[in-house]
1. Consider the stretch 60-86. How many of its residues are touching a residue at least 12 places away in the same chain (Cβ under 8 Å) and either within 20 Å of A136 (Cβ to Cβ) or of a type outside the set (S, T, Y) (or both)?
2. Tally the residues that are over 21 Å from the mean Cα position of the chain (by Cα) and open to solvent by 50 Å² or more (accessible area, probe 1.4 Å), restricting the search to the stretch 225-234.
3. Residues that are without any contact (Cβ under 8 Å) to a residue 12 or more places away in the chain, open to solvent by 60 Å² or more (accessible area, probe 1.4 Å), in contact with a strand residue (DSSP E or B) (Cβ under 6 Å, 6 or more places away or on another chain) and of a type outside the set (F, W, Y): does the stretch 155-176 have at least one?
4. What strands (runs of 3 or more DSSP E), lying completely within the stretch 1-116, carry at least 1 residues that are open to solvent by less than 70 Å² (accessible area, probe 1.4 Å), at pLDDT 95 or above and closer than 26 Å to T155 by Cβ?
5. What are the residues in the stretch 93-103 that are of a type outside the set (K, R) and without any contact (Cβ under 8 Å) to a residue 40 or more places away in the chain, if any?
6. Before we move on, is A196 aliphatic (A, V, I, L, M), open to solvent by 80 Å² or more (accessible area, probe 1.4 Å) and not in a strand (DSSP E or B)?
7. Go through the stretch 227-259 residue by residue and tally those that are touching a Pro at 6+ places or on another chain (Cβ under 8 Å), part of a loop (DSSP other than H, G, I, E, B) and under 20 Å from K295 (Cα atoms).
8. Would you check if D315 is at pLDDT below 85 and open to solvent by 80 Å² or more (accessible area, probe 1.4 Å)?
Amino acid sequence: PGGRYLAARVNVRNVYRLVVLDLSTEPMSVAYGMSEDDKYHAAWFEWANEDRLLISIGFVGNRGWGGQTETQERRLFSVKMGEGDLVPLFRPKRDEVPLQFQDQIVSFLHDDPEHILVQYSRSDPSEPLVYQVNVAGMQRHRRIERPRRTVRDWTADHEGNVRIGRGLTSNRQRTLFFKPDGEKKWQDFSHRVENADAVFRPIGFSEDPNVAYVISNLEVDPAGLYYFDIEADTFGEMIFNHPSVDIAGVNIDPQTRGIRSIRFVDKEVETVWFSDSQTQGLDGVEALFPDQEIKIHSVSRDGRYYVLRVSGARDPGQYLTFDLET
């Protein structure tokens, strides 16, 4: 997020590695590296703050009576640049089977660099609680949200308040709950998802804490991105939709609460950037690569540092770092 470090998954002589490069050195140096193998791999990685990386380690395990059932397992770690040791974020309890999934993130808490919100339950995985987890190591997790019957997935707003719950009833009917801003009582919006064909997927909140961003097939197919007024239970204007493919991801600016970018997959992953500030200054870069396509792959939080992907008819693609200021 500060633009100093760049995390990437790379292939070196047919071995995948998670590598962090320090862009402040000349030439750039490796600040951290982790090899993968047939047993362990990096399921995902994400920056918790300026110098600490969260890594979900995936592997195949065995559970059930006599360990007869093969399972996919996830363990959550962090690593601080300059130290290099993988630190587990879950404290093992004596005689207790480890949680199968430790990496179900509810919020990365951009305004709190020391914590994240994670959902899990040690007794019933179908009714998870939400906990505040310290990214520096195995400290006691603080409960943020109690379990709620039929809720299997939680979403928090920009301030870290858990305000969306989604799940299933015992007869497989979908459920949806919203908590209005500043209130303690949950409101049932399951009527929005009771139709089997209905697409209604809240993905976050706008600058108005009671207006959510929702992916829905209200008027278009594939589904588009809309504003949705929680208090009025009504749709606002449609922000974006693609004529032929589904929206794969939406990036919300943690500072402005506006839409930063939208991703979709049309032959390859494409990104539409909504902020002019993200694309300013790239005219000079385009002049350096005539007849090639330049895509913004990642941007630092202050908008100064970019990772660009450049490709063309004779170039399968390369990644470049770009400093907008210089």
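1. Looking only at that region, the number is 16.
2. Matching residues across the stretch 225-234 total 4.
3. No, the stretch 155-176 contains no residue that is without any contact (Cβ under 8 Å) to a residue 12 or more places away in the chain, open to solvent by 60 Å² or more (accessible area, probe 1.4 Å), in contact with a strand residue (DSSP E or B) (Cβ under 6 Å, 6 or more places away or on another chain) and of a type outside the set (F, W, Y).
4. 5-12, 41-47, 52-63, 69-80, 105-107
5. Across the stretch 93-103, the qualifying residues are D95, E96, V97, P98, L99, Q100, F101.
6. It is true that A196 is aliphatic (A, V, I, L, M), open to solvent by 80 Å² or more (accessible area, probe 1.4 Å) and not in a strand (DSSP E or B).
7. The qualifying residues number 4.
8. Values: at pLDDT below 85: yes; open to solvent by 80 Å² or more (accessible area, probe 1.4 Å): no.
Criteria not met by D315.
The values are calculated or read from the model by the stated rules, or taken from the named source; none is laboratory data. Small disclaimer: the values here were computed from a predicted structure and weren't measured. Heads up, the Cβs are rebuilt from the backbone with ideal geometry, glycines too, and the neighbour counts pull from every protein chain shown. Accessible surface areas use protein heavy atoms only, side chains included; no ligands, DNA or RNA. Shrake-Rupley method; radii C 1.70, N 1.55, O 1.52, S 1.80 Å.
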